[in-house]
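Throughout, read-outs are computed from the coordinates displayed, never taken from laboratory work. Nothing here was measured: the structure is a model prediction, and the numbers come from that model. Neighbour counts are summed over all protein chains in view; Cβ atoms, including those assigned to glycine, are modelled from backbone coordinates with ideal geometry.
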Amino acid sequence: MIAPELLRQARIESVAHSLREDIGDGDITAMLIPADKTARGRVITRENARLAGVEWVNEVFRQVDPNVELEWLFSDGDDVPADAVLFRMQGPARSLLTAERSALNWLQTLSAVATQCAGYAARVAHTKVRLLDTRKTLPGLRLAQKYAVTCGDCDNHRIGLWDAFLIKENHIAACGSIARAVAEAHRIAPGKPVEVETENMDEFTQALDAGADIIMLDEFSLEDMVEAVKLTAGRARLEASGGINEQTLVPIAETGVDYISIGALTKDVKAIDLSMRLE
């Protein structure tokens, strides 16, 4: 789970960056509008979606002009139907138009992640598996996208390189063995989750015997996953990874693994079609 203060600070910084790259020295087109003109508007979705990004939109308008007032009709995590009004706004017309693109960019991107996640989660709702994101996020949007994942009924894997160990092939080669790598991880940071990526049943057995907390089964066959679940008998948590798509998701979930990690949750998304209309 992302610490609320860490998420808040990241939101302020990332929104500020998005506004700098969009506004630059000033919105020259908005200057065509009289400075004292006020307006009302609304944002609608043209397609069904799972909403995520309310606070990012709020932050955009706060940084552009605190005088803008927003009225949300939905909350993060809500399923919204096509043509629904998501929120209404009122304030200086210049400010509404200056903030428009950045606000919609955040909302359509984070809602796309949440929508993608909700779709995957619904397919495996009949199992006990939890779907995890990965570090395959858009540069600069790590925490925002991981927040959106949770709005779509999925969970976060490690946030970055500091909060959990994920021991892969090259780490194992450098340490000398899986057992040595796991032992060193427990020594360096007691209490931090230690996960080992394995590519075959021999490596899986080594990781299990070494006391790994989580064992990743990378592109294992369904038969080997079932066998791994049986051999583990609750001594570690198992995570399936690699080759996960809409066709393989459900059969993998039904093997009994604890987690399935899917890079597509954050890197293969299509922005939700949103539109802002001034009244």
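In debye, nearest 20, what is the charge dipole magnitude of the stretch 119-202 about its Cα centre with +1 on Lys and Arg Cβ and -1 on Asp and Glu Cβ, if you could check?
With Lys and Arg at +1 and Asp and Glu at -1, about 240 debye.
What is the order of GLU55, GLU246, fewest Cβ neighbours within 10 Å to most?
Result, fewest neighbours first: GLU246, GLU55.
Calculate I(q)/I(0) for the chain by the Debye formula, one identical point scatterer on each C-alpha and no solvent, and give its log10 at q = 0.09, 0.16 Å⁻¹ to two decimals.
For the chain at q = 0.09, 0.16 Å⁻¹, log10 I(q)/I(0) is -0.52, -1.14.
With Cβ to Cβ distances under 10 Å as the rule, what net charge do the other residues near ALA253 carry (K, R +1; D, E -1)?
Cβ neighbours under 10 Å give a net charge of +2.
For the stretch 161-243, which chymotrypsin sites (Phe, Trp or Tyr not before Pro) are in a loop by DSSP, counting at most 14 other Cβ atoms within 10 Å?
Sparse-neighbourhood loop chymotrypsin sites (Phe, Trp or Tyr not before Pro): TRP162.
So in the chain, which Cys have no other cysteine's beta-carbon sitting under 4.7 angstrom from theirs?
Cysteines lacking a close Cβ partner in the chain: CYS151, CYS175.
Quote the FRET efficiency, to the nearest 0.05, computed for HIS171 versus GLU21 with a Förster distance R0 of 30 Å and r equal to the Cβ-Cβ distance.
0.25
Report P(r) for the stretch 124-267: all Cα-Cα distances, bin width 5 Å, range 0 to the bin holding the largest distance, values in whole percent.
2, 10, 20, 22, 20, 16, 9, 2, 0
Give me the percent of Cα-Cα pairs in the stretch 1-97 that sit more than 24 Å apart, rounded to a whole number.
Looking at the stretch 1-97, the distances longer than 24 Å represent 31 percent of pairs.
Would you mind calculating the gained length between ASP202 and ARG135 on full extension (0.36 nm times residue separation, minus the Cα-Cα distance), in nm to one decimal?
Separation in residues times 0.36 nm, less the Cα-Cα distance, equals 21.5 nm.
If I fit a long axis through the Cα atoms of helix 54-64 and take the longest principal axis of the Cα atoms of the chain, what angle between them do I get, 0 to 90°, rounded to 10?
Tilt relative to the chain: about 40 degrees.
In terms of Cα to Cα distance under 18 Å, which lysines are near enough to LYS230, apart from those fewer than 8 places away along the same chain?
LYS128
Using a cut-off of 17 Å between alpha-carbon atoms, which lysines can reach LYS267, once sequence neighbours fewer than 8 places away in the same chain are excluded?
Answer for LYS267, where 17 Å is the Cα cut-off: LYS136, LYS146, listed by chain and number.
What is the log10 of I(q)/I(0) for the stretch 1-58, computed with the Debye formula using one identical point scatterer on each Cα and no solvent, at q = 0.13, 0.18, 0.20, 0.31 Å⁻¹?
Here the Debye-derived log intensity ratios amount to -0.59, -0.97, -1.05, -1.18.
Could you work out [θ]222 nm for the chain from helices alone, using -39500 (n - 2.57) per DSSP H run of at least four and dividing by all its residues? Round to the nearest 500 deg cm²/dmol.
Using -39500 (n - 2.57) per qualifying helix, the result is -13500 deg cm²/dmol.
Quick one: work out the % antiparallel among DSSP beta bridges in the chain, nearest 5.
Around 50 percent antiparallel, to the nearest 5.
Round to a whole angstrom and tell me the spacing of the C-alpha centers of the stretch 76-122 and the stretch 192-217.
Measuring centre to centre over Cα atoms gives 40 Å.
Using 0.36 nm per residue of separation minus the Cα-Cα distance, give me the extension gain between THR38 and GLU5 in nm, one decimal.
8.5 nm
Run the dipole for the stretch 124-267 about the Cα centre, Lys and Arg Cβ at +1, Asp and Glu Cβ at -1, nothing else charged, and hand back the magnitude in debye, nearest 20.
680
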